[in-house]
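Structure first, then comments.
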Ligand SMILES: [Zn+2]
Ligand SMILES: [Zn+2]
């Protein structure tokens, strides 16, 4: 499972006997195309345009359900949780001016030497957050 897709979620829901409601579908449809790592509140606002009755509980339950099934990742930035439909290993670039969070391909960054960490901790994966100015903000500066 790499990129969240409504087809994969429908299949999983069928296999596990879970009901797919129109609200759930709208949440997943929004998330699968979201490029901006939205917060749960942004998901709620977007889905509410289509389904004014979609409750906060429905949105959070659906998010938790997707997370549990490894179809959605979370990143933490500036005290906020953001959602990531890209479940492949990847890094992030965050613009310090507009706050945009972009994916950076894992293979673009050379591997790090992670053998000499304190306490002999064994690293199994890592994600980098790079900060700076995005293309648009750089051109305005
Ligand atoms: Zn920017
Ligand atoms: Zn990402």
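Just so it is clear, none of the values below were taken in a lab; they were calculated from the coordinates. It should be emphasised that the depicted structure is a prediction, and the values quoted were computed from it without experimental measurement. Here the Cβ positions follow ideal geometry from the backbone for every residue, glycine too, while neighbour counts run over all protein chains shown.
Between helix 22-33 and the chain, what is the angle of the helix's C-alpha long axis to the longest principal axis, kept within 0 to 90° and rounded to the nearest 10?
20 degrees
Of the candidates 48, 116, 61, which one comes out as most mobile in a Gaussian network treatment of the chain with C-alpha springs shorter than 10 Å?
For the chain, modelled as a Gaussian network with Cα springs under 10 Å, the answer is 116.
Hey, could you get me the Stokes-Einstein D for segment 90-140, Kirkwood radius over alpha-carbon pairs, 4 °C and 1.567 mPa s, rounded to whole µm² s⁻¹? Kindly include the intermediate steps, with their values, before the conclusion.
Values: Rh = 12.7 Å.
Once the numbers are plugged in, D ends up at 102 µm²/s.
Restricting the count to DSSP beta bridges whose residues both fall in segment 25-133, what percent are antiparallel, rounded to a multiple of 5? Kindly include the intermediate steps, with their values, before the conclusion.
Working: 10 of 14 bridges.
If we restrict to bridges inside segment 25-133, about 70 percent are antiparallel.
Report, in degrees rounded to the nearest 10, the 0 to 90 angle that the Cα long axis of helix 6-15 makes with the longest principal axis of the chain.
Helix 6-15 sits roughly 60 degrees off the main axis of the chain.
Round to the nearest 10 and give me the degree value, 0 to 90, for the angle of helix 40-50's Cα axis relative to the longest principal axis of the chain.
On a 0 to 90 degree scale, this one is about 40.
Given a cut-off of under 8 Å on Cα pairs at least six residues apart, what relative contact order in percent is computed for segment 6-84?
28 percent
Once you place label points 7 Å from the Cα toward the Cβ at residue 80 and residue 8, how far apart are they in nm?
Distance between label points: 2.5 nm.
So if I average 1/r over every pair of distinct C-alpha atoms in segment 15-127 and take the inverse, what Kirkwood radius in Å does that give? Each step should come with its number before you reach the end.
On the way: mean 1/r = 0.0625 Å⁻¹.
Answer for segment 15-127: a Kirkwood hydrodynamic radius of 16.0 Å.
Simple spin-label model, 7 Å along Cα-to-Cβ: residue 122 to residue 97 in nm?
4.5 nm
Can you give me the relative contact order of segment 90-140 as a percent, contacts being Cα pairs under 8 Å and 6 or more apart?
Numbers: 53 pairs, mean separation 25.6, N = 51.
Computed value for segment 90-140: 50 percent relative contact order.
So, in nm, how far is label residue 88 from label residue 39 when the simple model puts each one 7 Å beyond its Cα toward the Cβ?
Distance between label points: 2.9 nm.
If contacts are Cα pairs under 8 angstrom and at least 6 residues apart, what is the relative contact order of the chain in percent?
Details: 162 pairs, mean separation 31.8, N = 141.
Taking the mean separation of contacting Cα pairs over the length of the chain, I get 23 percent.
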